[in-house]
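K.L.:
Pasting a structure below so you can have a look.
Each value in this text was obtained by applying a stated rule to the coordinates, not by laboratory testing. Computed from a prediction, not measured in an experiment: that's the story for all the values here. So basically every Cβ, Gly included, is an ideal-geometry build from the backbone, and we count neighbours across all protein chains shown.
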Amino acid sequence: MYRFREYKIGPDLRPEAEPITSTMKCTTCDASGPTAEEFEEGTEWAVRHLKANPGHLEHREHITRPYWAEPGAWQ
Ligand SMILES: [Zn+2]
């Protein structure tokens, strides 16, 4: 016999959860900025990267957000 448990999965807001981090990447040359909790660090890096590489106009921000499955009632 199998029993199933309901889980509610969502962003991990527990105090021990890992922080949400952001990493900016240049889509032209694949260079990465620093991984940081402050999102402004990525945009500041992109501005510096663009100044050093005038053709590199497009960037992509990678956000890492922890999720947690909250156990619920058994069915
Ligand atoms: Zn680049």
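K.L.:
Tally up the residues in the stretch 1-25 that are surrounded by fewer than 13 Cβ atoms within 10 Å (Cβ to Cβ), touching a strand residue (DSSP E or B) at 6+ places or on another chain (Cβ under 6 Å) and of a type in the set (D, E, K, R), please.
P.N.:
Qualifying residue count, the stretch 1-25: 4.
K.L.:
Condition first: in a strand (DSSP E or B), closer than 19 Å to ALA17 by Cβ and of a type outside the set (A, V, I, L, M). Now tell me which residues in the stretch 60-71 satisfy that.
P.N.:
Passing the criteria: HIS62, THR64, TYR67, TRP68, GLU70, PRO71.
K.L.:
Spot the failing condition for GLU6; the list is (1) within 17 Å of the chain's Cα centre (by Cα); (2) more than 16 Å from the ligand (Cβ to nearest atom), and only one is missed.
P.N.:
Checking GLU6 against (1) within 17 Å of the chain's Cα centre (by Cα); (2) more than 16 Å from the ligand (Cβ to nearest atom), the one that fails is (1).
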